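A.B. asks: Below are the structure tokens for one structure; questions will follow.
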Amino acid sequence: MVNNRILILFDIDGTLVLGARCHYQAFVEAVKKFYGMEDDISGINYAGKTDPQILGEVLALGGLNDDEIKQNFQVCLDFMADYYLKNVHYENVRSLEGVNDLLKELQRREVLLGLVTGNLESIAYAKLGKVDLDGYFSFGGFGSDHSNRSFLVKKALKQAKNQFGYKGKHIFVIGDTPRDVKAAKDSNLQTIGVATGRYSKEELENCGADYVLDDLKNIDEVLKILSIYIKQ
């Protein structure tokens, strides 16, 4: 049964999990194979960006023009996903403290849970599967859907309505970057920022997050924010 009072959309990297060396390596191998680039891309700020957005930025920084970028763009993304799935067993990803307990409690209270992530969909579920979190989520907006994060929020909302009959108005996006906050605000949604990534509480507050937490370890703190909307 879906609790039509509340929907929560979670970011993945920096919010639910940390560590994705294999994901980074998939980028490296893909741009080398299809664009012949071997530049160091470790200094780029990936936080809150979609995989297509990151790929486009990497290629533009490498000096490629729009036509050159478009030529192999989709096959490059497909290769990234395939590379990740073949090598995910090497992944160093770990769930952040408190996340599993929080998701378990939200599920128990029949809260509808979805994803909004810049990861390509297959990468997202493989990454979550590595730490046994994939079972909490069956829909969302992914980097494979669009390069714009605001579009991904709208896609997740549409799926919640079409697949689960969600008709509620109390919707939260939980993420660790200003881009998570902006994408949520573009759809007039409430936001919970968590300072578990590269951005501080102050930075998340300054970008307009409705609530800001150090992390998701204190489940009672999260439930207090949501308490008016969820079943006990």
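Values in this text are rule-based calculations from the coordinates and carry no lab data. Please read all numbers here as calculations on a predicted model, not as lab measurements. Glycine gets a Cβ as well: all are built from the backbone with ideal geometry, and neighbour counts include every protein chain shown.
A.B. asks: In the structure displayed, which of K130/K224; K154/K182; K154/K185; K49/K167; K127/K224 lie more than 21 Å apart, Cα to Cα?
C.D. replies: Pairs exceeding 21 Å: K130/K224; K49/K167; K127/K224.
A.B. asks: Another question, if that's okay. When H146, H89 are ordered from fewest to most other Cβ atoms inside 10 Å of their Cβ, what list results? Provide the component values of the computation, followed by the final result.
C.D. replies: Working: H146 17, H89 9.
Fewest to most other Cβ atoms nearby, the residues stand as H89, H146.
A.B. asks: Mind giving me the FRET efficiency for D66 and Q25? R0 is 30 Å, r the Cβ-Cβ distance, nearest 0.05 is fine.
C.D. replies: The value I calculate is 0.70.
A.B. asks: Sort 57-65, 187-195 for me by packing, meaning the mean count of neighbouring Cβ atoms within 10 Å per residue, highest on top.
C.D. replies: The peptides rank, most packed first, as 187-195, 57-65.
A.B. asks: Something else about it: State the percent of C-alpha pairs, over all pairs in region 96-167, separated by a distance greater than 15 angstrom.
C.D. replies: Values: 1427 of 2556 pairs.
Tail of the P(r) past 15 Å holds 56 percent of the pairs.
A.B. asks: Let me ask something else. Where does the charge balance sit around K33 when Lys and Arg score +1, Asp and Glu -1, over other residues with C-beta under 13 Å from its C-beta? Spell out each step's value before the answer.
C.D. replies: Details: positive: K32; negative: E29, E38, D78, D82.
Around K33, the surrounding residues sum to -3.
A.B. asks: Aspartates and glutamates within cross-link reach of K33: Cα-Cα under 20 Å, excluding same-chain residues under 8 positions apart?
C.D. replies: D51, E57, D66, D67, E68, D78, D82
A.B. asks: Using a cut-off of 12 Å between beta-carbons, work out the net charge of the residues near K167 (Lys and Arg +1, Asp and Glu -1, K167 not included).
C.D. replies: That works out to +3.
A.B. asks: Here's another thing I want to ask about it. For the chain, what does -39500 (n - 2.57) per DSSP helix run (n ≥ 4), summed and divided by total residues, give at 222 nm, in deg cm²/dmol to the nearest 500?
C.D. replies: Per the formula, -13500 deg cm²/dmol.
A.B. asks: Quick one: Cα convex hull volume of region 21-90, Å³ per residue?
C.D. replies: 83 Å³
A.B. asks: Using 0.36 nm per residue, how much length does the chain from D78 to K217 gain when fully extended, once their Cα-Cα distance is taken away?
C.D. replies: 46.5 nm
A.B. asks: Quick one: F34, F73, fewest Cβ neighbours within 10 Å first, how do they rank?
C.D. replies: In increasing order of surrounding Cβ atoms, one gets F73, F34.
A.B. asks: Mind checking the dipole of region 1-115: about its Cα centre, +1 per Lys or Arg Cβ, -1 per Asp or Glu Cβ, Debye to the nearest 20? Mind showing how you got there, number by number?
C.D. replies: Working: 11 positive and 18 negative charges, 108 e Å.
Its charge dipole is roughly 520 debye.
A.B. asks: If you don't mind, another one. Can you give the angle from 0 to 90° between the axis of helix 99-108 and the longest principal axis of the chain, with both taken from C-alpha atoms, to the nearest 10?
C.D. replies: So the inclination is approximately 50 degrees.
A.B. asks: Can I ask one more? Could you tell me how many degrees, from 0 to 90 and to the nearest 10, lie between the Cα long axis of helix 73-87 and the main elongation axis, the longest principal axis, of the Cα atoms of the chain?
C.D. replies: 70 degrees
A.B. asks: For the chain, with only Lys/Arg (+1) and Asp/Glu (-1) charged at the beta-carbon, what is the dipole magnitude about the Cα centre, in debye rounded to 20?
C.D. replies: Result for the chain is approximately 1020 debye, rounded to the nearest 20.
A.B. asks: Calculate, axis by axis, the spread of Cα positions in region 86-232 along the three principal axes, and write the results as whole Å, longest axis first.
C.D. replies: 43, 33, 31
A.B. asks: Also, I was wondering about something else. Projecting each Cα onto the charge dipole of the chain (Lys/Arg +1, Asp/Glu -1 at the beta carbon, about the Cα centre), which of F27, I6, V181 comes out farthest on the positive side?
C.D. replies: Positive-end residue among those listed: I6.
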